[in-house]
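Asks: Right, I'll just put the structure down here and ask away after.
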Amino acid sequence: MRFPIPFFIALASVTATSAQGNCVSDAIIVFDGSGSMAEMGFNDINEPRIFEARRAMADAIPAIAENRRLGLVIYGPNGVDECTGLDVRFPPIADAAPRILNDVNSLEPTGSTPLTEAVKLAAQTLDYQTRPATILLVTDGKETCGGEPCELAADLATNGFDTTVHVIGFKVRGSFFSWERDTGNSYTEAESVSRCLADITGGAYFNAETLDQLIDALRKTLGCQLLF
């Protein structure tokens, strides 16, 4: 049965509050390895985002992986051009924490942000049309490779067996202020345009600015209520 997109947006307010607790479905983390994860200095980021992301993953993922099969997709590096760096490191497996942390810790961020294709690849890896599937997108920005995340979200919601995408926007930056204005900051915080992936599929969206907020968002999207 097909439903219009607003139907799924209406569901988001109900299902996003219960992101925890569904540990039955396998999950894949789609991790941002694009060049902006190494960015620092000019927009109130005093160290590369990847440093805090690694610490957050090391804190949250081991306990989550004890109770849920996890896989990993990384986008950004190792492509033949800026937008072809898409890598299924491994599909969901038991006790995945060591492999996830090793891959994230050894990551050298580069390339652009083909996040739509990365989420689609994760969904296909999870066989989303025939099995329940949970995807967590961790991203610091917007789609930069021409993908349409909202169109993908509509397809996942309509054609998926039971597909949920959660999104964590980590230190997402919006438009820059003019240096001539007395704003106190050189940037505006923003939501990732990929929020619609969560809204339309009934997932949760989190803005994370700090290490603790990122850890909390990882636990709430992938963990079980009985753990936290």
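Asks: What do you reckon, is Ala53 assigned to a helix (DSSP H, G or I), within 18 Å of the chain's Cα centre (by Cα), at pLDDT 90 or above and crowded, with 16+ Cβ neighbours inside 10 Å?
Replies: yes
Asks: Select from the stretch 99-114 the residues that are closer than 10 Å to Gly85 by Cα and buried (at least 19 other Cβ atoms within 10 Å of the Cβ) and list them in ascending order.
Replies: The answer is Gly111, Ser112, Thr113, Pro114.
Asks: Looking at the stretch 118-133, is at least one residue surrounded by fewer than 16 Cβ atoms within 10 Å (Cβ to Cβ), farther than 26 Å from Gln213 by Cα, modelled with pLDDT under 95 and not charged (D, E, K, R)?
Replies: no
Asks: State the number of residues belonging to the stretch 89-98 that are touching a residue at least 24 places away in the same chain (Cβ under 8 Å) and either surrounded by fewer than 16 Cβ atoms within 10 Å (Cβ to Cβ) or in a loop (DSSP other than H, G, I, E, B) (or both).
Replies: 4
Asks: Can I ask one more? Please specify each residue of the stretch 140-168 satisfying the condition of being modelled with pLDDT of 95 or more, crowded, with 23+ Cβ neighbours inside 10 Å and not in a helix (DSSP H, G or I).
Replies: Thr163, Thr164, Val165, His166, Val167, Ile168
Asks: List every residue pair whose Cβ atoms sit under 9 Å apart, with the two residues 6 or more apart in sequence or on different chains, where the first one lies in the stretch 131-147 and is within 17 Å of Gly202 (Cα to Cα) and the second, anywhere, is of a type in the set (S, T, N, Q) and surrounded by fewer than 24 Cβ atoms within 10 Å (Cβ to Cβ).
Replies: Listed pairs, sorted by first residue: Arg131/Ser25; Pro132/Asn22; Pro132/Ser25; Ala133/Ser25; Ala133/Thr125; Thr134/Asn22; Thr134/Ser25.
Asks: Same structure again: With the requirement that a residue be assigned to a loop (DSSP other than H, G, I, E, B) and either among the basic types (Lys, Arg) or in contact with a Pro (Cβ under 6 Å, 6 or more places away or on another chain) (or both), what does the stretch 109-139 give you?
Replies: Thr110, Gly111, Arg131
The values are calculated or read from the model by the stated rules, or taken from the named source; none is laboratory data. Note that the coordinates shown come from a computational prediction; the quantities given were computed from them, not determined experimentally. Neighbour counts are summed over all protein chains in view; Cβ atoms, including those assigned to glycine, are modelled from backbone coordinates with ideal geometry.
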